Amino acid sequence: MAKDIRISSPLNGKLIPLNEVNDPVFAGGAMGRGAAVKDPEGKVFAPFDGEITVFFPTGHAIGLKSDDGIELLIHVGMDTVKLNGECFTPKKEAGDRIKRGELLLEFDPKGIVKAGYETTTPVVVTNHADFGDITFELDKQSVTSKAPAEEAASAGPVEDDDVIKQFAGLPDAERVAKSIMHYVGGPDNVRTAEHCATRLRLIVNDKSKIQEKKIENIDGVKGQFFAAQQYQIICGTGFVDKVTEEFIKLKPALAGGGGKEAAYAEMSLVQKISRTLGDVFVPIIPVLVATGLFMGLRGALLSLGSEWSPTFLLMTQVLTDTAFAFLPALVCWSTMNKFGGTAVIGIVLGLMLVFPALPNAYVVGGAAQELADKGLTWVEAYGMPEFDGKVPIPLDLGFFTVPLVGYQGSVLPALVLGIFAAKLQHWLKTFIPDVIDLIVTPFLTLTISMALGFLVVGPIMHGLEQVVFGAVQSFLGIPILGGLVIGGLQQVIVIFGVHHVFSALEIYLLSTIQADPFNAIITCATIAQGGAALAVSLKTQDPKKRALYISSTVPAFLGITEPAIFGINLRLMKPFIFGCCGGAVGGAISSFLGLAGTGMGITVLPGMLLYMNGQIVQYIIVNLIACAVGFGLTYVLYKVEE
């Protein structure tokens with residue numbers, strides 16, 4: 001029987017089970033068993049005496065081997081290889097001897113988050129099969145990964161095909177590289193090749209030429225999947241470097257890299273728009289989640305009869321309303337970051353759009369309807385005290401008058417203006433001398449952008465925002481039908497990678513009606529996929545597969561469906577369809593009940609905090625129904641194909 005081991009955590013933070021990591025490869029256990037550190041402090045220490053086997057040039061991942069044979073992979077954050085070393089400061093090198101407690105790496109958690117990446121750090125034992133239970137310890141925290149049950153005897157060996165036999169006598173890395181190259185369709189089908197800490201990442205010309213089952217059967221390959229327009233083949237830490245090196249030898253033109261640009265080039269227009277919106281809005285979402293949670297908590301306390309003084313209530317409103325009141329400043333800041341402009345210019349430009357002296361565009365819109373009902377025009381309304389702050393401020397330009405309004409709570413005006421300002425700043429820098437760049441460039445960028453924002457971009461984009469988002473909002477408001485359609489299709493949209501489009505919609509809903517009915521619908525779609533994956537897990541007889549499936553299912557109940565979708569449901573297809581059915585039923589009931597969260601960004605179990613304002617019972621009911629439908633249909637109608 002393999003021995004149990006205990007390892008000190010190499011990072012300070014909060015220890016969490018590995019299956020809670022937002023990455024299907026680590027969460028599913030494909031890279032090994034272990035734990036993860038959430039909200040790490042920014043330093044990696046040696047957890048034992050041994051040596052550094054791998055230290056990536058980008059600094060984001062380290063491979064260690066202890067003197068008693070434990071092979072450990074520390075992967076700081078998710079997809080942080082794309083930072084190309086920014087935010088990471090290595091203190092050691094590959095091949096160095098290490099003593100327990102020595103500093104191996106320093107990194108900047110705030111910088112990583114600002115760049116749009118997670119800092120949660122998986123720490124896994126890659127040779128986990130040599131050990132029993134694996135426990136990670138940190139102060140009084142501990143997380144144990146149990147050894148899998150003994151597998152039943154195999155029904156018989158898998159017959160290798162001629163290609164695998166042809167390369168059988170080669171060194172491992174060369175054998176794996178040549179086998180992969182053959183099964184992905186040959187050199188002519190490969191556009192780019194790069195790797196991260198664990199995976200060979202390819203962009204191919206024709207996906208239909210890839211023989212996925214044959215690739216999975218290669219000794220040395222631990223799994224494969226498509227993500228972010230890349231075909232990713234899991235080889236493992238250290239070994240993936242050697243495989244990539246041999247793979248590039250088969251087509252030297254691949255040495256230039258360019259995987260990220262190629263992946264973006266492969267996207268459709270809708271996917272590109274979605275990716276851009278995601279890059280802009282994801283950094284903003286945490287603060288909106290925080291304010292939404294507090295709004296839910298405040299609603300719950302007030303509904304229970306809690307009495308607060310007017311001053312204290314005002315302080316809570318400062319906490320919950322500030323982010324939405326100055327939303328254009330947040331959007332402009334994030335947009336300038338995304339498109340390479342100066343962030344502080346974005347902040348100031350966004351604040352100009354919500355200058356306190358300007359009347360709120362939504363208040364103006366409401367007043368306009370009041371005037372229309374009374375048969376009055378804007379001109380007739382000017383000067384009427386009862387309409388103070390409810391009409392635009394007329395800006396006389398001589399040949400025509402422009403009505404000025406503020407854009408508090410708007411999204412699209414700030415987004416488009418931020419893009420324009422970033423491009424304008426880059427253009428100005430091409431000819432303004434360096435000696436006056438610090439003064440002239442910000443001045444011209446702000447002046448031109450502000451004028452364009454109030455005279456052109458603001459009015460056009462605010463009108464478009466009201467039309468587009470208003471139409472979607474109206475569809476959401478259709479009892480039963482709106483929830484049925486969106487709940488049934490939301491996870492399909494996730495598969496195509498365009499779901500970030502809805503971040504802008506949710507922010508618009510929260511800023512205009514202070515509620516998010518979209519969140520209530522998509523939580524049903526999420527938990528229904530979890531229910532379908534759970535049914536597959538329970539019906540699967542193979543102990544190894546069952547353990548892998550369950551580890552992929554758990555994150556779905558925390559609001560993360562990618563492991564369940566790509567690891568189970570979509571591969572088997574029927575469970576995915578049944579999960580969509582559960583999402584449709586739950587979404588329809590949610591729409592009928594008028595459920596709406598006080599925030600965004602979290603769903604299922606964590607999402608309960610957004611419904612503490614008197615809707616928690618209804619929220620639990622619709623989640624249970626959606627999960628039950630997805631689970632029930634899958635358990636009854638899906639047959640496990642061994």
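The values are calculated or read from the model by the stated rules, or taken from the named source; none is laboratory data. What you see is a predicted model; the values in this text were computed from it and never measured. Quick reminder, even Gly has a Cβ in these numbers, built from the backbone with ideal geometry, and neighbours come from all protein chains shown. The accessibility values were calculated without ligands, DNA or RNA, using every heavy atom of the protein model including side chains. Shrake-Rupley method; radii C 1.70, N 1.55, O 1.52, S 1.80 Å.
A few points about this structure:
- Hey, residue 38 within 27 Å of residue 130 (Cα to Cα), open to solvent by 20 Å² or more (accessible area, probe 1.4 Å) and either at pLDDT 95 or above or of a type in the set (D, E, K, R) (or both) or not: yes
- Residue count for the range 1-26 under the criterion of being modelled with pLDDT under 85, within 22 Å of residue 132 (Cα to Cα) and either in a strand (DSSP E or B) or open to solvent by 50 Å² or more (accessible area, probe 1.4 Å) (or both): the result is 1.
- Residues of the range 408-427 that turn out to be free of Cβ contacts under 8 Å to residues at least 40 places away in the same chain and either in a loop (DSSP other than H, G, I, E, B) or at positive phi (or both), as a count: 0
- Residue, farthest from residue 55 (Cα to Cα), within the range 186-201, restricted to residues that are in contact with a Ser or Thr (Cβ under 7 Å, 6 or more places away or on another chain) and open to solvent by less than 10 Å² (accessible area, probe 1.4 Å): 193
- Among the residues making up the range 595-642, those that are of a type in the set (S, T, N, Q) and in contact with a Ser or Thr (Cβ under 7 Å, 6 or more places away or on another chain) are 603, 613, 623.
- Boolean, residue 101 is farther than 19 Å from residue 77 by Cβ and either free of Cβ contacts under 8 Å to residues at least 24 places away in the same chain or open to solvent by less than 40 Å² (accessible area, probe 1.4 Å) (or both): no
- Filter result for the condition that a residue is in a helix (DSSP H, G or I), over 19 Å from residue 280 (Cα atoms), open to solvent by 30 Å² or more (accessible area, probe 1.4 Å) and at pLDDT 85 or above, over 379, 344, 318: 318
- Criterion (of a type in the set (A, V, I, L, M, F, W, C) and either assigned to a loop (DSSP other than H, G, I, E, B) or within 21 Å of residue 622 (Cβ to Cβ) (or both)) met by exactly one of 547, 504, 535: 535
- Any hit, the range 175-187, residues being modelled with pLDDT of 80 or more, of a type outside the set (Gly, Ala, Ser), touching a Leu at 6+ places or on another chain (Cβ under 6 Å) and in a strand (DSSP E or B): no
- Note on the range 209-231: among residues that are at pLDDT 85 or above and of a type outside the set (D, E, K, R), the one that is most open to solvent (accessible area, probe 1.4 Å) is 211.
- The lone exception for residue 130 - which of (1) modelled with pLDDT of 90 or more; (2) surrounded by 12 or more Cβ atoms within 10 Å (Cβ to Cβ); (3) of a type in the set (D, E, K, R) it fails: (1)
For every residue, the table says whether it meets (1) among the aromatic types (Phe, Trp, Tyr); (2) crowded, with 17+ Cβ neighbours inside 10 Å; (3) touching a helix residue (DSSP H, G or I) at 6+ places or on another chain (Cβ under 7 Å).
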residue	(1), (2), (3)
67	no, no, no
77	no, yes, yes
87	no, yes, yes
114	no, no, no
117	yes, yes, yes
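- Selection within the range 551-576 - more than 22 Å from the chain's Cα centre (by Cα) and surrounded by 19 or more Cβ atoms within 10 Å (Cβ to Cβ): 575
- Taking each residue of the range 105-124 that is in contact (Cβ under 8 Å) with a residue 24 or more places away in the chain and more than 17 Å from residue 23 (Cβ to Cβ) and looking for partners that are open to solvent by 30 Å² or more (accessible area, probe 1.4 Å) and among the hydroxyl-bearing types (Ser, Thr, Tyr) with beta-carbon atoms closer than 8 Å, six or more apart or interchain, yields 105/89; 106/89; 107/89.
- For the range 605-640, a residue qualifies if it is under 23 Å from residue 320 (Cβ atoms) and crowded, with 19+ Cβ neighbours inside 10 Å, and the qualifying residues are 607, 609, 610, 611, 612, 613, 615, 619.
- Qualifying residue in the range 50-72 (condition: part of a loop (DSSP other than H, G, I, E, B), of a type in the set (S, T, N, Q) and at pLDDT 90 or above): no
- Here residue 601 meets each of (1) under 24 Å from the mean Cα position of the chain (by Cα); (2) under 24 Å from residue 482 (Cα atoms); (3) surrounded by fewer than 23 Cβ atoms within 10 Å (Cβ to Cβ); (4) not aliphatic (A, V, I, L, M) with one exception, condition (3).
- Residue list for the range 590-630, filter: of a type outside the set (S, T, N, Q), assigned to a helix (DSSP H, G or I) and closer than 23 Å to residue 291 by Cα: 604, 605, 606, 607, 608, 609, 610, 611, 616, 617, 619, 620
- Odd one out for residue 41, checked against (1) part of a loop (DSSP other than H, G, I, E, B); (2) acidic (Asp, Glu); (3) over 23 Å from the mean Cα position of the chain (by Cα): (3)
- The sole residue among 509, 484, 534 that is closer than 30 Å to residue 222 by Cα and either in contact with a Pro (Cβ under 8 Å, 6 or more places away or on another chain) or open to solvent by 50 Å² or more (accessible area, probe 1.4 Å) (or both) is 534.
- Residues in the range 321-336 that are open to solvent by 60 Å² or more (accessible area, probe 1.4 Å) and either not acidic (Asp, Glu) or not in a helix (DSSP H, G or I) (or both) were compared, and the one that is farthest from residue 445 (Cα to Cα) is 322.
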